[in-house]
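Undergrad: Quick one: structure below, then a few questions.
The values are calculated or read from the model by the stated rules, or taken from the named source; none is laboratory data. Here the structure is a predicted model, which is why all the values come from computation and not from measurement. Counting neighbours? That spans all protein chains shown, and the Cβs are built from the backbone with ideal geometry, glycine included. To get the accessible areas, we keep the full protein, side chains included, count just its heavy atoms, and leave off ligands, DNA and RNA. Shrake-Rupley method; radii C 1.70, N 1.55, O 1.52, S 1.80 Å.
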Amino acid sequence: MLNGSGVPGVGELVASKLVPGGFRIVASGNAQTFDHQSTEIVATTAQAETQADQVRGLLGVGTVVLGAGSSGLADITIVVGRDLTAG
């Protein structure tokens with residue numbers, strides 16, 4: 001999970017939405033910039049897209065894309081944008 005919004009504590013917010021749904025946060029940090037308007041849920045494999053869709057449902061915002069993950073530690077990387085932290 002990468003904070004792309006610049007809002008402090010976003011990791012706790014994401015965890016509160018995902019952990020009850022059976023997911024776990026394996027790493028968190030800051031994105032390269034804090035100007036992300038929309039949350040992006042990156043599935044590193046086609047098989048992970050279904051889980052990424054579930055993450056999107058639990059977060060209530062975001063777009064699922066297939067691409068290379070930023071962390072290399074998980075099948076899904078979330079770059080949190082201001083759409084999640086605005087509400």
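Undergrad: Convert each backbone phi in region 40-54 into a coupling constant with the Karplus relation 6.51 cos²θ - 1.76 cosθ + 1.60 (shift: θ = phi - 60°), then list the ³J(HN,Hα) values in order as whole Hz, x for Gly and Pro.
TA: Values per residue, Gly and Pro as x: 10, 10, 9, 8, 7, 9, 4, 5, 7, 4, 4, 5, 4, 5, 5 Hz.
Undergrad: Continuing with the same structure: Percent of accessible area on the chain owned by carbon and sulfur, 1.4 Å probe? Don't jump to the answer; show the numbers that get you there.
TA: On the way: 2370 of 4870 Å².
With neighbouring chains kept in place, the figure for the chain is 49 percent.
Undergrad: Starting from the amide H of V64, placed 1.01 Å from N in the peptide plane, find each other amide H under 5 Å away whose residue is 5 or more places distant or on another chain.
TA: Counting only residues 5 or more places away or on other chains, the set is I41.
Undergrad: Return the label of the correct value of mean projected area of the Cα convex hull in nm², as calculated from the structure shown, out of (1) 5.9; (2) 12.1; (3) 4.8.
TA: Of the listed options (1) 5.9; (2) 12.1; (3) 4.8, (3) comes from this structure.
Undergrad: Output ³J(HN,Hα) for region 77-86: one whole-Hz value per residue in order, computed from phi by the Karplus curve 6.51 cos²θ - 1.76 cosθ + 1.60 with θ = phi - 60°, and x for Gly and Pro.
TA: Taking θ as phi minus 60°, the curve returns 10, 10, 9, 6, x, 5, 4, 7, 8, 6 Hz for region 77-86.
Undergrad: While we're on this one: Counting only C-alpha contacts under 8 Å and six or more residues apart, can you give the relative contact order of region 1-79 as a whole percent? Before the final figure, lay out the partial values.
TA: Numbers: 130 pairs, mean separation 28.5, N = 79.
It rounds to 36 percent for region 1-79.
Undergrad: A further question follows. FRET efficiency for F34 and A86, Cβ-Cβ distance as r, R0 = 22 Å, nearest 0.05?
TA: On the way: r = 14 Å, r/R0 = 0.62.
Computed FRET efficiency for F34 and A86 comes out at 0.95.
Undergrad: List the trypsin sites (Lys or Arg not before Pro) in the chain that DSSP assigns to loop (not H, G, I, E or B) and whose Cβ has at most 14 other Cβ atoms within 10 Å. Which are they? Before the final figure, lay out each step's value.
TA: On the way: sites: K17, R24, R56, R82; in loops: R24.
Answer in residue order: R24.
Undergrad: Calculate, for the chain, the solvent-accessible area per residue in square angstrom, rolling a 1.4 angstrom probe over the heavy atoms of the protein chains.
TA: Counting only protein heavy atoms, the per-residue value for the chain is 56 Å².
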